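Right, one structure below, let's go through it.
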């Protein structure tokens, strides 16, 4: 078969010949139609993700959409190494597939799945969101963050606060449902003040953080200020991404003097089957909830030349020809 094969970490994969997969027990062969280029896919291809394969040559792609032998359309994820989603055929574990609703096209399903996983699992499985709670999304200007705004509202959040540096995308987040936006370009102390006041005014109990780095430091500082009364309010802080930096300096007294509960949400904090089930929930809700995600498509055969395209905030989806 043909596939997008990585032979050197950090270099774009090449569309070339690769061994045909043979389905093992509990697997089904998927005729792939679409596979999105997500941050997870990029990081695994570069050998920089904790779930990266050690295979010398492997197929790129963490997840995709296609058809199984009985003709049903499915979303699939986490194909066994050295195979991947960016190929003509992928061997998918049946428990790691989810049906694609008839009212959802392949491009949207492929594009929405990975960012949907990050917010649905983080909010429901890690933070245990209850309807009526308020959520702050740190980094709501990227594809995943914008979808998190929509997801939080769909799941019953009373108030959603969105932060980010891109003014235009913050306006987009507001149009998608954010009740309040905060620019991370504000000077340090002023930003902490704004974060603190917004969280107190809206009674924020959940923070979904796609950035980490400096903004996380400022958020945690703002949380520690909220100490009115004998017991600080309980805030579940879920770390999802680290676009702004992998490390922060954390004063131990901040944890002792606040009600913050730090946790992560990712491939090893939640069972893979559970993550895929959450994606299935998101796909099932996508049309009725009118979830929006910006996409651009390219032929999978052009993966090498298009791998590093600047898509201006759109999720790049590779389609396998013929489509």
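The values are calculated or read from the model by the stated rules, or taken from the named source; none is laboratory data. Quick caveat: nothing in here was measured; it's all calculated off a predicted structure. As a convention, Cβ positions derive from the backbone with ideal geometry for all residues, glycine included, and neighbour counts pool all protein chains shown.
Observations, loosely collected:
- Within the stretch 180-197, being part of a helix (DSSP H, G or I) and either outside the structural domain of residue 145 (by TED's automatic domain parsing) or in contact with a strand residue (DSSP E or B) (Cβ under 7 Å, 6 or more places away or on another chain) (or both) holds for 194, 195.
- Residues (touching a strand residue (DSSP E or B) at 6+ places or on another chain (Cβ under 7 Å) and surrounded by fewer than 18 Cβ atoms within 10 Å (Cβ to Cβ)) located in the stretch 307-316: 309, 311, 314
- Complete set of residues in the stretch 210-251 that are in contact with a strand residue (DSSP E or B) (Cβ under 9 Å, 6 or more places away or on another chain), exposed (fewer than 13 other Cβ atoms within 10 Å of the Cβ), modelled with pLDDT of 85 or more and assigned to a loop (DSSP other than H, G, I, E, B): 250
- Residue 318 being part of a loop (DSSP other than H, G, I, E, B) and touching a helix residue (DSSP H, G or I) at 6+ places or on another chain (Cβ under 7 Å): no
- Residues of the stretch 192-209 classified as more than 24 Å from residue 264 (Cα to Cα) and surrounded by 21 or more Cβ atoms within 10 Å (Cβ to Cβ), total: 0
- Whichever residue in the stretch 1-25 is touching a residue at least 60 places away in the same chain (Cβ under 8 Å) and not in a loop (DSSP other than H, G, I, E, B) and, among such residues, is surrounded by the most Cβ atoms within 10 Å (Cβ to Cβ): 3
- Residues of the stretch 291-310 satisfying the condition of being in contact with a helix residue (DSSP H, G or I) (Cβ under 9 Å, 6 or more places away or on another chain) and in contact (Cβ under 8 Å) with a residue 40 or more places away in the chain: 291, 292, 293, 294, 295, 297, 307
- Residue satisfying condition, being more than 26 Å from residue 103 (Cβ to Cβ) and either surrounded by 15 or more Cβ atoms within 10 Å (Cβ to Cβ) or touching a strand residue (DSSP E or B) at 6+ places or on another chain (Cβ under 8 Å) (or both), within set 28, 38, 52: 52
- Test: residue in the stretch 50-57 that is closer than 24 Å to residue 295 by Cα and either in contact with a helix residue (DSSP H, G or I) (Cβ under 6 Å, 6 or more places away or on another chain) or without any contact (Cβ under 8 Å) to a residue 12 or more places away in the chain (or both): no
- For the stretch 204-215, the set of residues classified as within 16 Å of residue 181 (Cα to Cα) and out of contact with any helix residue (DSSP H, G or I) (no Cβ under 6 Å at 6 or more places or on another chain) consists of 204, 206, 207, 211, 215, listed by residue number.
- Any hit, the stretch 141-154, residues being surrounded by 23 or more Cβ atoms within 10 Å (Cβ to Cβ) and more than 21 Å from residue 275 (Cα to Cα): yes
- Take the conditions (1) in a strand (DSSP E or B); (2) modelled with pLDDT under 95; residue 91 misses just one of them, which is (2).
- Any hit, the stretch 165-179, residues being within 20 Å of residue 244 (Cβ to Cβ), touching a residue at least 12 places away in the same chain (Cβ under 8 Å), assigned by TED's automatic domain parsing to the domain that holds residue 212 and in a strand (DSSP E or B): no
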